[in-house]
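Accompanying notes for the structure given below.
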Amino acid sequence: MIRLQNISKVFYTDSGPVEALKDINLSIKKGEIFGIIGLSGAGKSTLVRCINFLEKPTEGNVILDGRDLGGLTRKELLKARQSIGMIFQGFNLLSQRNALRNICFPLEIAGVSKSDAKARAYELLDIVGLSDKAKAYPSQLSGGQMQRVTIARALATNPKVLLCDEATSALDPNTTQSILELLKDINRKFGVTIVVITHEMKVIEQICNRVAVIDRSRIVEQGDVREVFMRPKSDIAKQLILPKSEAVEFLTSRRCLRIVFDGNSSFEPIISNMTLECHAVVNILFADTKNIDGKAFGQMVLQLPDDDTAIERIKAYLESKNILYKEEYLNA
């Protein structure tokens, strides 16, 4: 569906050239929800703007449905962009237009008749759950409602691809959840390929099938969300998945176990039972686990006791429960 081949992007400034993207290679499958995650300044937004050629790559090729966007005429490119919808963090709604007319805007540009555009806009308002807000202006809508109008507008031209650039960053957790559920529903119903750009690992976990991690303008890791979440390889992925906390920084003992719950074990008080059976006390430094259909998913970091025999008992216990673990050391 989307292939990025050796994409690089250089911006020329008064201070000299700035390489925003370096040799990016990605393949995004038709109908999947693909995540791109990284810290601020990593190159995420530049990358998403290269996908729809709002930014022309300095080097490389963007292949959309078998067509190289770099080889299209301006007229062909404008037509191709109609198959790519975009959702922004800041909504970018036109303040002088109500919800209905905001959704009509891309249809007007595409040359759709006024009556057909209006009918399509009402249909989309129903899809995003805002049938009663057609005449409301952006200033009269909540953040979540504005983002729903933005999603409806992005869907107006029946795009094959939906690009979401930090689409939930300005929203509270409950509203974020509802927007992610809406995007998943749109993906299921219409088969739209969705690319999610974010700095939040929880967004990736909740909605994406696969993920690429970008750091300092390069893709440093990519794969199935579950695999990257369970076994992060790059330093930046570990930082995003296992954020530092003050509690960790003030500990003096350095020997730890990172335990991974991948659904192969039942959701039971593993740590409590382990400490009782192994006669060893551990300290939980970090925990992010969830119960899905009675199975445990997530991970936990434990500080181990200064007792090699007790540590061997702990490892043997975890192995008996089919729980993955990896020994790590805290920074001195």
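If you go through region 305-328, how many residues are within 33 Å of the chain's Cα centre (by Cα) and of a type outside the set (S, T, N, Q)?
Number satisfying all stated conditions: 9.
Under the condition of being surrounded by 19 or more Cβ atoms within 10 Å (Cβ to Cβ) and not in a helix (DSSP H, G or I), which residue from region 92-103 is modelled with the highest pLDDT?
Taking the candidates together, the pick is Asn98.
Can you list the helices (runs of 4 or more DSSP H) found entirely within region 246-332 that contain at least 1 residues being crowded, with 18+ Cβ neighbours inside 10 Å, at pLDDT 75 or above and of a type outside the set (Ser, Thr, Tyr)?
Details: elements: 246-249, 270-278, 308-320.
It comes to 270-278, 308-320.
Pull out all pairs, ordered by first then second residue, where Cβ-Cβ is under 8 Å, the residues are six or more apart or on different chains, the first lies in region 14-38 and is farther than 28 Å from Leu183 by Cα and touching a residue at least 40 places away in the same chain (Cβ under 8 Å), and the second is among the small types (Gly, Ala, Ser) and assigned to a strand (DSSP E or B).
Sorted first by the residue in region 14-38, then by its partner, the pairs are Glu19/Ser8; Lys22/Ser8; Asp23/Ser8; Asp23/Gly60.
Scan region 160-173 residue by residue and report those that are surrounded by fewer than 19 Cβ atoms within 10 Å (Cβ to Cβ) and under 16 Å from Leu141 (Cα atoms).
Hits for region 160-173 are Ala170, Asp172.
Is it the case that some residue within region 118-136 is at pLDDT 95 or above, assigned by TED's automatic domain parsing to the domain that holds Gly191 and in contact with a Gly (Cβ under 6 Å, 6 or more places away or on another chain)?
no
Provide a single number: the residues in region 104-153 that are over 17 Å from Val192 (Cβ atoms), surrounded by 15 or more Cβ atoms within 10 Å (Cβ to Cβ) and of a type in the set (Lys, Arg).
Qualifying residue count, region 104-153: 2.
Looking only at region 106-156, count every residue that is under 19 Å from Arg81 (Cα atoms) and among the acidic types (Asp, Glu) and tell me the total.
1
Among the residues of region 60-70, is any assigned to a loop (DSSP other than H, G, I, E, B), in the same structural domain as Thr168 (by TED's automatic domain parsing) and in contact with a strand residue (DSSP E or B) (Cβ under 6 Å, 6 or more places away or on another chain)? Lay out the reasoning, then the answer.
Going through region 60-70, the residues assigned to a loop (DSSP other than H, G, I, E, B) turn out to be 65-66.
Restricting the remaining residues to those that are in the same structural domain as Thr168 (by TED's automatic domain parsing) gives 65-66.
Filter again for in contact with a strand residue (DSSP E or B) (Cβ under 6 Å, 6 or more places away or on another chain), leaving none.
No: zero hits.
The values are calculated or read from the model by the stated rules, or taken from the named source; none is laboratory data. As the structure is a prediction and not an experimental result, all values here were calculated from the model. Cβ: placed from backbone, ideal geometry, glycine included. Neighbour counts: every protein chain shown.
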